[in-house]
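Inspection log for the structure reproduced underneath, given as structure tokens.
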Amino acid sequence: MLVAHGASEVVVAPGEVLEDAALAVEGGRVVAVGPTAEVVREHPPENAERAIDAGGKTVMPGFVDSHTHALFAGDRSDEFAAKLRGESYGDILAAGGGILRTVRSVREASDEELLGNLLSHLDVMLANGTTTVEVKSGYGLDRETELRMLDVLARANREHPVDVVPTFMGAHAVPEGRDADEYADEVVDDQLPAVAEQGVAEFCDVFCEEGVFSVEQSRRVLEAGVEYGLTPKVHAEELSRLGGAQLAAEVGAASADHLLHATREDAEALAEAGVTPVFLPGTAFGLGAEYADPAPFVEAGATPAIATDFNPNCFSRSMGFATTVACVGMRMAPADAIAAATHGGACALDREGDGTGTLREGSPADLQVLDATSHVHVPYDFDTNRVECVVKAGEVVLDD
Ligand code: NIG
Ligand code: FE
């Protein structure tokens, strides 16, 4: 048993923040949460294997980072400088850089190198309070390398305390010298059957974008994925408005992500279909682009998520930083940004049903203890990582 008591704040769930509160954990789940006096009466800290005096501290759910491309090799830091000189993300990709350059690096890398890279990124994510992270394939763009990436994701999930949720993204870019339509067919006819047989991937994602995959090509890939039991996700309306959000609603996607150019109608269609809008404020920050506006999505009744989008174009592994940019750039209230980074992330990964992203009784004991008197410090203290301790499935996995 683990008991954290006397916390300045326990963030239980969206809209539920307790002061001078305690939380008890047993068998990997939260078994009690409430006022310290009540919780310690039932679960005395002196009987616990681990008692945390959380005086002056905040206890909150571990972050659920629902959109990353964290498995890669190579270095694209020079593209950061090129973009600052005025080259666009699309120009760089069209010239064989960007995603296509990472594809060359990943094809050349060994499995051990890929795994080592990913594990070191997961260490940084854990140190910043993340307990569940979605990671996409999509830097292989051929059957063999896509399967290799998914296999490395499964290994990382076994070897690292952070839960790794694997997404197949064979339709992340059109390989050099290939036609988008013909390549989409290859994803459907050649890659997807092998991915399904391998049995690692849970989601299937597509970059639905001008100059990448059209709505029709994206639909083909996502519908074929559904046939194989993979839940759709869509990179939608990132650089232009193409119709990816409406597609996400039509195919019953778990999430539609980016949404910088989405309209009110798109927001309503997603909310109606129960698709989680995932905002990636770090990407807009890094590109110097205009931020997505969460207001129409919230007004339409959707539950928004925010995620890091960690990838070579957006080198941030910190969900705390994502909350800062969500607050300052997207005008989200701190409590809403925290909700989007925890419960919202769980919704984007179809994991809200078991309480992931919350600390209610019965929720998985995935939590962080912060050296901060309130959750507001997460976005507010943007140069300091306040995470002191992380618990995953009831086990202390990081202890400063
Ligand atoms: O979500 N937009 C497409 N995919 C990634 C970027 C991947 C890359 O540039 O390597 C994204 O931002
Ligand atoms: Fe992405």
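The values are calculated or read from the model by the stated rules, or taken from the named source; none is laboratory data. Please read these numbers as outputs of a predicted model, since none were measured by experiment. Here the Cβ positions follow ideal geometry from the backbone for every residue, glycine too, while neighbour counts run over all protein chains shown. Only protein heavy atoms, including side chains, enter the accessible area calculation; ligands, DNA and RNA are left aside. Shrake-Rupley method; radii C 1.70, N 1.55, O 1.52, S 1.80 Å.
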Using only the alpha-carbon atoms, how far is helix 319-330 inclined from the longest principal axis of the chain? Give it as 0 to 90 degrees, nearest 10.
70
Just to confirm a number: summing +1 for Lys and Arg and -1 for Asp and Glu over residues other than ASP20 whose beta-carbon lies under 13 angstrom from that of ASP20, what do you get?
-3
Please work out the FRET efficiency for the pair PHE80 and ASP142, using the Cβ-Cβ distance as r and a Förster radius of 35 Å; give the result to the nearest 0.05.
0.80
What Rg and what Dmax come out for region 326-400 when only alpha-carbon atoms are used, in angstroms?
13.1, 35
Per principal axis, descending, Cα span of the chain in whole Å
67, 43, 42
Between the alpha carbon centres of region 209-241 and region 341-369 the gap in Å comes to 27
Percent antiparallel among DSSP beta bridges with both residues in region 63-354, to the nearest 5?
5
Relative contact order (percent) for the chain, with alpha-carbon contacts under 8 angstrom and 6 or more residues of separation?
19
Taking only the alpha-carbon positions of region 124-179 and ignoring solvent, what does the Debye formula give for the base-10 log of I(q)/I(0) at q = 0.14, 0.18, 0.19, 0.25 Å⁻¹?
-0.43, -0.63, -0.68, -0.93
How many angstrom separate the Cα center of region 100-152 from the Cα center of region 1-40?
35
Distance between region 304-327 and region 66-85 - C-alpha centres, whole angstrom
14
What does the net charge come to around ALA48 if you take all other residues with beta carbon closer than 12 Å to its beta carbon, with K and R at +1 and D and E at -1?
-4
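Accessible area, 1.4 Å probe, largest first: how do HIS43, HIS235 sort?
In descending accessible area the options line up as HIS43, HIS235.
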Between GLU223 and ALA335, what's the calculated FRET efficiency when r is the beta-carbon distance and R0 is 41 Å? Round to 0.05.
0.60
Eigenvalues of the Cα gyration tensor times 5, then square-rooted: what semi-axes does that give for region 167-263, in whole angstrom, largest first?
20, 16, 10
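Return one whole number: the accessible area per residue of the chain in Å², for a 1.4 Å probe. Spell out each step's value before the answer.
Working: 15010 Å² over 400 residues.
Per residue, the chain has an accessible area of 38 Å².
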Tell me what the chain gives for mean residue ellipticity at 222 nm when only DSSP H runs of n ≥ 4 count, each as -39,500 (n - 2.57), the sum divided by the residue total, rounded to 500 deg cm²/dmol.
-10500 deg cm²/dmol
Region 13-71 pair-distance distribution - Cα-Cα, 5 Å bins, rounded %:
4, 14, 25, 22, 14, 8, 7, 4, 2, 0
What residues qualify as long-range amide H neighbours of VAL397, i.e. H under 5 Å apart, gap of 5 or more or another chain, H built at 1.01 Å from N?
VAL390, VAL391, LYS392
Across 5 Å bins from the origin, how do the percents of Cα pairs in region 200-323 run, short distances first?
2, 13, 22, 24, 21, 14, 4, 0
